[in-house]
Amino acid sequence: MKYSTLPELGDKVSKICLGTMTWGQQNTETEAHEQMDFALDHGVNFWDTAEMYPSPPDKDKQGDTERFLGSWLAKTGRRDEVVLASKISPMDFLRDGNTRFTAKHISEAIDGNLKRLQTDYIDVYQLHWPERQTNFFSTRGYTEEMAQQDLSDLTPFLETIEALNDEIKKGRIRAYGLSNDTPWGLMRYLWEADKNGLARPITVQNPYSLLNRLYEVGLAEISHRENVGLLAYSPLGFGVLSGKYLGGKRPEGARLTMYERFSRYTNKEAQWATEQYAKVADDAGLDMAQMALAFVNSRHFLTANIIGATSIDQLKANIDSINLELSTDVLEAIEAIHQQQPNPSP
């Protein structure tokens, strides 16, 4: 395994991060425990979850992913070997709709996170997506409707930052980060925290893959100059970049076979780009999924690459991508495709 340094905290975290959102939908508790055993035994010490998982969201299953994690931590006693990240999720069915980023709601959310996880602290606590309307989750542009939103109706940035800093002082979280946020959002949090002498966000969990490199446009420079690490999610585009859906295939039990609602990575432009990346992998004699993951692993602004798997074989292959270094020829071929069809899956 290769490791990064977590900004501000200084923890040594694996560049491969164990994603967990399938646990409770596509994976049982037993299978989740097997994945945790395997991941930690292979050097993956950074794990990510959220209060709303599993995904896709299900009111009746909400919190099962954290519960599976908690039962493993209680059973093994290996909490101190894991750097654990979780999130508050502003989804209406959670906590009777008390999902704003206010001090009260953040405190209530963390109460639930800690209870399900059976731990007394979370290393990195993330705001799953902004309260405000902005361009995330497949929305490419900042629309006029978004621009008309009155931010005074939302939780003030400073209140949220102060609440998270209070949780740090209490020892219930060690640091905090953002997720699905924009360059403006990240800079506003950084500015507000610095202005008031408060702890600032240390990570941003945003999509990043061969099909979505929008992080490079504005956020990558912030990562570099402000020491805020990217936690890249969906590095395989919901499995599309493994090649298993090429030619219209829908393998039994695969995520996009089970959940047709996920269309972010299957539009016409994304299909064309995926076919081209598959050719690059084939010409180079590479496993396509490992090539796609290795590309993400190689980015200078990356802190960790969040991989997900529904089987131990998939998990092993994804972890092994850390040992693949892409040649100059492969990187140039990838860049040529990106120039022809940039970011088809925002």
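The values are calculated or read from the model by the stated rules, or taken from the named source; none is laboratory data. Bear in mind the structure is a predicted one, so any value in this text is a computation, not a measurement. Note that each Cβ is placed from the backbone with ideal geometry, even for glycine, and that neighbours are counted across all protein chains shown. The accessibility values were calculated without ligands, DNA or RNA, using every heavy atom of the protein model including side chains. Shrake-Rupley method; radii C 1.70, N 1.55, O 1.52, S 1.80 Å.
Can you report the number of residues in region 108-131 which are assigned to a loop (DSSP other than H, G, I, E, B) and among the small types (Gly, Ala, Ser)? Count: 0. What about residue 40, is it hydrophobic (A, V, I, L, M, F, W, C) and surrounded by fewer than 16 Cβ atoms within 10 Å (Cβ to Cβ)? Answer is no for this residue. Considering region 1-24, and only residues there that are free of Cβ contacts under 8 Å to residues at least 60 places away in the same chain and over 30 Å from residue 225 (Cβ atoms), the residue that is surrounded by the fewest Cβ atoms within 10 Å (Cβ to Cβ) turns out to be 24.
Considering (1) open to solvent by 50 Å² or more (accessible area, probe 1.4 Å); (2) in contact with a strand residue (DSSP E or B) (Cβ under 9 Å, 6 or more places away or on another chain), the lone condition that residue 268 does not fulfil carries the number (2).
Within region 199-236, the set of residues being within 30 Å of residue 259 (Cα to Cα), part of a loop (DSSP other than H, G, I, E, B), open to solvent by less than 20 Å² (accessible area, probe 1.4 Å) and among the hydrophobic types (A, V, I, L, M, F, W, C) comprises 210, 211.
Working only within region 111-137, note down all residues that are closer than 17 Å to residue 47 by Cβ and among the β-branched types (Val, Ile, Thr). Before the answer, list the steps.
Initially, region 111-137 is screened for residues closer than 17 Å to residue 47 by Cβ, giving 113-114, 116-126, 128.
The answer is 119, 122, 124.
Scanning region 274-294 for residues that are touching a Leu at 6+ places or on another chain (Cβ under 6 Å) and either at pLDDT below 95 or open to solvent by less than 10 Å² (accessible area, probe 1.4 Å) (or both) returns 277, 292, 294. How about region 278-311: which of its residues are outside any helix (DSSP H, G or I), in contact (Cβ under 8 Å) with a residue 24 or more places away in the chain and more than 16 Å from residue 239 (Cβ to Cβ)? Once the filter is applied, which keeps residues that are outside any helix (DSSP H, G or I), in contact (Cβ under 8 Å) with a residue 24 or more places away in the chain and more than 16 Å from residue 239 (Cβ to Cβ), region 278-311 yields 286, 298, 299, 300, 301, 302, 303, 304.
A count restricted to region 237-263 and to residues that are of a type outside the set (Lys, Arg) and exposed (fewer than 11 other Cβ atoms within 10 Å of the Cβ) stands at 5. Scanning region 99-111 for residues that are in contact (Cβ under 8 Å) with a residue 40 or more places away in the chain and open to solvent by 20 Å² or more (accessible area, probe 1.4 Å) yields a count of 4.
Could you tell me whether residue 59 is part of a loop (DSSP other than H, G, I, E, B), open to solvent by 40 Å² or more (accessible area, probe 1.4 Å), over 25 Å from residue 201 (Cα atoms) and of a type in the set (Lys, Arg)? Steps first, please.
On the way: part of a loop (DSSP other than H, G, I, E, B): yes; open to solvent by 40 Å² or more (accessible area, probe 1.4 Å): yes; over 25 Å from residue 201 (Cα atoms): yes; of a type in the set (Lys, Arg): yes.
The answer is yes for residue 59.
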